[in-house]
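Take a look at the following structure, please.
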């Protein structure tokens, strides 16, 4: 019996030793994992990789102590000790700081670290200057004030983040460029932000008026260092005769993409809202509405609106008193219209021009006088009431293609118009009778300058030693009416 009891005691002791040895050699405690990427914004897909020391199952993955949804789904079987594993999950919202990722089988735990970087997104990402937008920020500390910037300039903020470090920030997009966010401690958002782009826009001043009124267009946020090509401004679908307009005006961000131009509403435009459309050299388009409240009063139009001296021009007009007579006048474009109404300030191009029962001016062709190049006014005066004058239209006189340099042999000079005026055009001299200026001038061909006749001649240089009335005179370069002898 004593021998049996001794054997049982030895067996019990050996069992206890074996049990203690198993606990001591079993791997337990923290294991290292690889986290890729190691940092990023909320919503980043994170990949966790490693090897598990024993066969069994990984039963949980936590991020900052909270369980996350993984791929593949848990539990994940480890068939043999030392087998590799790969687990992915999406970073949930939370304040900015290092986060512990813990992978566990219920006994053993492997850990890694992921750092949340703040992130900002914006919607919409395009719009006109001053338009509203909304920014969403994530990954900041909880309870901090956050500001949002476009191109480094503040466009909104002062909003406090919630418990997850997130906030929705209303914006007014007075600036464009990369969108960033920053909290009161200076923590910035990620390095690859959204960008907000301005769409071009135009404003009109005034926005309503009669036909014939001048309207100033201010354009903004067109193509940087581009231009508005000639004829690319439209009014109610009609192409206006506008020059090329360089985009040289600086905007608030110091970029040359703005312009200013003045247009004239077509005089006979019918009432109603009309679309003004501007297209730049890169195809960017902006529109605005001008409300026409009625056609211009006593409006005349010219066709063409430019030409050389002697050019024939068709004059039409609308909204005159019906069944009356008007005369058409011509004068220097730099003179105020009120001053031109005075006697002797203008040239009569045509008189006794009738209007019909609808107040339309009878289409009349006039000839541009032989004047120096520049802009000139043409307008109508009611013959039975000279105080009533129409709005004026501008005609630009261009220099003739052919000019003559007069040198010697000119010894009689007329500074005033004689009975005829002359023009050299297409290799031929034309004589225009001015005794009846309201009539369409009658041309007589000349193939050479004739003695005893007076000609309008453009001097290409100053001429000296010209004898006139027993005196020696000097003529300056420019237009002169000269007798050829």
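Work out the FRET efficiency for residue 316 and residue 45 from their Cβ-Cβ distance, taking R0 = 56 Å, and round it to the nearest 0.05.
0.20
Report P(r) for region 33-116: all Cα-Cα distances, bin width 5 Å, range 0 to the bin holding the largest distance, values in whole percent.
P(r) over region 33-116, rounded to whole percents: 3, 15, 30, 26, 14, 8, 3, 0.
Just to be sure I understand the curve: with the Debye formula and one point per C-alpha of region 200-294, what is log10 I(q)/I(0) at q = 0.23 Å⁻¹?
So the normalised log intensities work out to -1.11.
Say each of residue 131 and residue 260 gets a label point 7 Å from the Cα, pointing the same way as Cα to Cβ; how far apart are those two points in nm?
Between residue 131 and residue 260, the label points sit 2.5 nm apart.
So if I restrict to the alpha-carbon atoms in region 119-198, what is the Rg, and what is Dmax, the biggest pairwise distance, in Å?
According to the Cα coordinates of region 119-198, Rg and Dmax are 11.3, 34 Å.
Hey, another quick one. Per residue, how much space in cubic angstrom lies within the convex hull of the C-alpha atoms of region 299-397?
So the per-residue Cα hull volume is 78 Å³.
Hey, what does the equivalent ellipsoid look like for region 163-218, semi-axes from the Cα gyration tensor as sqrt of 5 times each eigenvalue, largest first, whole Å?
Working through the eigenvalues yields semi-axes of 42, 12, 9 Å.
Under the 0.36 nm per residue contour assumption, what length would be gained going from the current alpha-carbon distance of residue 462 and residue 332 to full extension?
44.4 nm
Can I ask one more? Need the full-extension length gain, residue 303 to residue 203, defined as separation in residues times 0.36 nm minus the C-alpha distance. One decimal, nm.
Length difference between fully extended and current span is 33.0 nm.
Further question on the same structure: Starting with the fewest neighbours, write out 221, 332, 282, 105 ranked by other beta-carbon atoms found within 10 Å of each beta-carbon.
In increasing order of surrounding Cβ atoms, one gets 282, 332, 105, 221.
How much length is gained if the chain between residue 323 and residue 357 is pulled fully straight, taking 0.36 nm per residue apart and subtracting their Cα-Cα distance, in nm to one decimal?
Value of the extension gain: 11.7 nm.
Something else now. Can you give me the distance in nm between label points at residue 194 and residue 238, each placed 7 Å from the Cα along the Cα-to-Cβ direction?
Spacing of the two 7 Å Cα→Cβ label points: 4.3 nm.
Please report 375, 388, 274 as a ranked list, fewest other C-beta atoms within 10 angstrom at the top and most at the bottom.
Ordered from fewest to most neighbouring Cβ atoms within 10 Å, 375, 388, 274 come out as 375, 388, 274.
Something else now. With r defined as the distance between the Cβ atoms of residue 115 and residue 285 and R0 fixed at 51 Å, what FRET efficiency is calculated, to the nearest 0.05?
Step by step, r from the Cβ atoms, then E = 0.65.
May I ask you to sort 376, 57, 85 by Cβ crowding, counting other Cβ atoms within 10 Å and putting the fewest first?
Going from sparsest to densest Cβ surroundings: 57, 85, 376.
Which residues in region 256-277 have a backbone N closer than 16 Å to a point placed 7 Å from the Cα of residue 216 along the Cα-to-Cβ line?
258-265, by backbone N distance to the label point.
For residue 54 and residue 187, what is the calculated FRET efficiency with R₀ set at 51 Å and r taken between the beta-carbons, to the nearest 0.05?
0.75
Here, each number is a calculation from the coordinates, and none is a lab measurement. Since the model is a prediction, treat every value here as computed from it, not as a measurement. Positions of Cβ are backbone-derived with ideal geometry, glycine not excepted, and every protein chain shown enters the neighbour counts.
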